[in-house]
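Student: To start, I am sharing the structure in question, which I have written as structure tokens.
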Amino acid sequence: MSDRVRIFDTTLRDGEQSPGVNLNAKDKFEIAKQLQKLGVDIIEAGFPIASVGDFEGVKNIAKNVRGVTIAGLARTSFADIDRAWEALKYADQARIHTFIATSDIHLKHKLRMTREAVLESAVAGVKRAKQYTSDVEFSAEDAFRSDLGFLCQVIEAVISAGATTVNIPDTVGYATPTEFGEFIGEIKNRVPNIDKAFISVHCHNDLGMAVANSLAAVCTGAQQVECAVNGIGERAGNASLEEVVMALYTRYPFYQKKTNIKKDELYRTSRLVSNLTGMKVQPNKAIVGKNAFAHESGIHQDGVLKERSTYEIMNPEMIGLNINNIVLGKHSGRHAIKDRLVELGYNLSDEEVDKAFVKFKALADKKKEVKDEDLSAIVENEVLTVPETYKLDYLHISSGTSMIPTATVRLTSGEESFEEAACGDGPVDAIYKVIEKITGITCTLQLYNLHAVTEGKDALGEVTVKIQPDSSRKTFLGRGVSTDVIEASAKAYLNAVNKIVFSQAENEENVDRPKAGI
Ligand code: KIV
Ligand code: ZN
């Protein structure tokens, strides 16, 4: 048996199904490039039939991200499979991932199909996909709650029809590790042609056991694990990629399985996904949480100072969390910034480096030491973003304990300049009213979040907003950074508005998205 476990990343598909997450094609492309760099074996780039935006996102990734398998999800209907192929056909290595539910609960209440009809549809879907590509994955949705005999019959049939990977999801996160491990072992024993396909697992985290279940399955025969960066995904999410990878690595003597993941890209990948999805990583999250390597108690600190292994089973450098000692400041030149950006893993064009450098200089004038986190915040919030149709040119606020907050804002768009004023419940509300007046895009503010990028009074404030335009059901995330939190608030809102304009231009209007999980 091979000692390698394939990592199938579903951040851009199941992860993107996280409530409130809505990535545009540009964000998806940034994440896909990073996943390729991270060394995942398969990138599930989306669900092409779900919307024009999903289709374009998968197509763009298939065309431009080379050297890695790109998968697209499809139900077993021919329309889904044909559409998936339309998007995937440009890839170096394309995989069609087709699925249908096999549990009686799903058959009765959702699909309203008999077992015979499901079996037939599964086989037909795989055969259809096989006409396009040799790499076909079949998933039995809600496999863990399916009748094992029927599930094995379906798996045997789809392998005979050409499936090269068979995926066993615990769609509702119901399994426990012992049971799930045994379940995979049983499938391996009962399906006669199982050695003709890779066994994959896809665990949801409803009871907090997705990683444990995936690892238990690895012990009994799973050769591929489906997971998402930061564990994002439907409801409580998917198995967390970084936890699966670091468990296999740190406990190699136990699992005896390797992955192709470049571990020192894990932290950066986590940051990028968190920034672009707007889903914050909880501080105590294993591997990539802010506290994952922090030692608070005196006894622990003393132990670590004497010998790291007393309280550390991994160290931050392994996941690419470097404590870089060379401080950047206002005397640092373009060269130094460019080098640091490369060290931080950003692969920017000359134009993007120029933009980052201008923003860096402006920050260094206000802040004595510019840390790596500041630089990352600049790049992710102000450089790698959609075109700035509207730019903030001027901002003035009158606010105090006994006056009505008023904002005057000037925006530029190309050669044009627009200035307006408005009152609001607070200075931020007043600014947002002016931006609505100027752009004509009226929205509901669904989320406003402010946090300091680094510690200290001169820290960069990073504001994240989520807004929903009155004209659409979609929501848009915007982020802005500045040492002035009012300015950061204005920039964040404007960033989201620019995304709305960009999405309208891309004609990314969502049609009803069929949810792939449950
Ligand atoms: O959770 C699930 O069952 C899925 C399948 C489509 C693989 O996401
Ligand atoms: Zn899922």
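Read-outs: derived from the displayed coordinates by stated rules, not from any lab. Keep in mind that what you see is a predicted model, and the values were worked out from it rather than measured. Heads up, the Cβs are rebuilt from the backbone with ideal geometry, glycines too, and the neighbour counts pull from every protein chain shown.
Student: Work out the charge dipole of the chain with +1 on the Cβ of Lys and Arg and -1 on the Cβ of Asp and Glu about the Cα centre, then indicate which of Asn498, Val218, Ile441 is farthest towards its positive end.
Tutor: Val218
Student: Which peptide among 378-391, 86-99 comes first, and what is the full order, when sorted by highest mean count of other Cβ atoms within 10 Å?
Tutor: Packing proxy ranking, top to bottom: 86-99, 378-391.
Student: Starting from the Cα of Glu317, step 7 Å toward the Cβ, then list every residue of the range 248-283 with an amide N under 13 Å from that point.
Tutor: Only 264 pass the distance filter.
Student: Then there's this: Sorted by average packing, counted as other Cβ atoms within 10 angstrom per residue and highest first, what order do 229-236, 263-270 take?
Tutor: So the order, starting with the most tightly packed, is 229-236, 263-270.
Student: Could you name the lysines whose alpha carbon sits less than 22 Å from that of Lys188, not counting residues in the same chain fewer than 8 places away?
Tutor: Once the sequence-local lysines are set aside, what remains near Lys188 is Lys196, Lys257, Lys258.
Student: Looking at the chain only, what percent of DSSP beta bridges run antiparallel? Nearest 5 please.
Tutor: Bridges in the chain that DSSP calls antiparallel: roughly 50 percent.
Student: Another question, then. With 10 angstrom as the radius, rank Asp365, Asp339 by how many other C-beta atoms surround their C-beta, starting from the fewest.
Tutor: Working: Asp365 9, Asp339 13.
Taking fewest neighbouring Cβ atoms as first place, the list is Asp365, Asp339.
Student: Continuing with the same structure: Quick one, what does Rg over Rh come out to for the range 96-150 if you take C-alpha atoms and the Kirkwood Rh? Mind showing how you got there, number by number?
Tutor: Working: Rg = 11.5 Å, Rh = 11.5 Å.
Result for the range 96-150 is an Rg/Rh of 1.00.
Student: Of Leu477, His451, Met403, which is farthest towards the positive pole of the range 391-506's charge dipole, taken about the Cα centre with +1 and -1 on the beta-carbons of Lys, Arg and Asp, Glu respectively?
Tutor: My answer, from the dipole projection, is Leu477.
Student: Another question about this same structure. Which entries of Lys26/Lys499; Lys26/Lys437; Lys391/Lys491; Lys33/Lys59 show an alpha-carbon separation above 18 angstrom in the structure shown? Working shown, then result.
Tutor: Values: Lys26/Lys499 10 Å; Lys26/Lys437 27 Å; Lys391/Lys491 8 Å; Lys33/Lys59 14 Å.
Over 18 Å apart, Cα to Cα: Lys26/Lys437.
Student: Report the charge-dipole magnitude of the chain in Debye, nearest 20, computed about the Cα centre from +1 at each Lys and Arg Cβ and -1 at each Asp and Glu Cβ.
Tutor: Computed about the Cα centre, the dipole is about 560 debye.
Student: Quick check: the distance between the Cα centres of the range 194-220 and the range 363-427, to the nearest angstrom?
Tutor: 46
Student: Tell me the Kirkwood radius of the range 295-336: reciprocal of the mean inverse pair distance over distinct alpha-carbon atoms, in Å. Don't jump to the answer; show the numbers that get you there.
Tutor: Details: mean 1/r = 0.0775 Å⁻¹.
With all distinct Cα pairs of the range 295-336 included, I get 12.9 Å.
Student: Which value in Å is the Kirkwood Rh of the range 6-277 over different Cα pairs?
Tutor: The answer is 18.1 Å.
Student: Under 18 Å from the Cα of Lys457, which aspartates and glutamates turn up, not counting those fewer than eight places away in the same chain?
Tutor: In chain and number order, the partners are Asp365, Glu369, Asp372, Glu373, Asp374, Asp484, Glu487.
Student: Could you give the semi-axes, largest first, of the ellipsoid that matches the range 391-506, computed as the square roots of 5 times the alpha carbon gyration tensor eigenvalues and rounded to whole Å?
Tutor: Values: eigenvalues 91, 64, 40 Å².
Calculated on Cα positions only, the semi-axes equal 21, 18, 14 Å.
Student: Cut-off is 10 Å between beta-carbons; in what order do Val65, Val40, Val327 appear when sorted fewest neighbours first?
Tutor: Ordered from fewest to most neighbouring Cβ atoms within 10 Å, Val65, Val40, Val327 come out as Val327, Val65, Val40.
Student: Which of the listed residues, Val358, Leu348, Val383, is farthest toward the dipole's positive end in the range 334-383, when Lys, Arg count +1 and Asp, Glu count -1 at the beta-carbon?
Tutor: Val358
Student: Let me ask something else about it. If we restrict to alpha carbons, what Rg and Dmax does the chain come to, in Å?
Tutor: Final numbers for Rg and Dmax: 24.5, 79 Å.
Student: Could you compute the FRET efficiency for Ile299 and Glu455, with r as their C-beta to C-beta distance and R0 at 22 Å, rounded to 0.05? Let's see the in-between values first.
Tutor: Numbers: r = 24 Å, r/R0 = 1.09.
Once rounded, the FRET efficiency stands at 0.35.
Student: Could you tell me which of rounded, prolate or oblate describes the range 29-127, using a ≥ b ≥ c as the square roots of the eigenvalues of the alpha-carbon gyration tensor, with rounded for a/c under 1.5 and, failing that, prolate when a/b is larger than b/c and oblate otherwise?
Tutor: Taking the square roots of the gyration eigenvalues as a ≥ b ≥ c, the range 29-127 is prolate.
Student: Plugging the Kirkwood radius over Cα pairs into Stokes-Einstein for the range 95-200, at a temperature of 25 °C and a viscosity of 0.890 mPa s, what D comes out in µm²/s?
Tutor: My calculation gives 181 µm²/s for D.
Student: With labels modelled as points extended 7 Å from the Cα through the Cβ direction, what inter-label distance (nm, one decimal) is found for Gln131 paired with Val358?
Tutor: 5.3
Student: Treat every Asp and Glu Cβ in the range 334-383 as -1 and every Lys and Arg Cβ as +1, leave all other atoms uncharged, and give the resulting dipole magnitude about the Cα centre to the nearest 20 debye. The partial results should precede the final answer.
Tutor: Numbers: 10 positive and 13 negative charges, 58 e Å.
Taking the Cα centre of the range 334-383 as origin, the dipole is about 280 debye.
Student: Using a Cα-Cα cut-off of under 19 Å, which aspartates and glutamates could be cross-linked to Lys474, ignoring same-chain neighbours fewer than 8 residues away?
Tutor: Partners within reach: Asp14, Glu16, Asp27, Asp54, Glu56, Glu234, Glu436, Glu506, Glu508, Glu509, Asp512.
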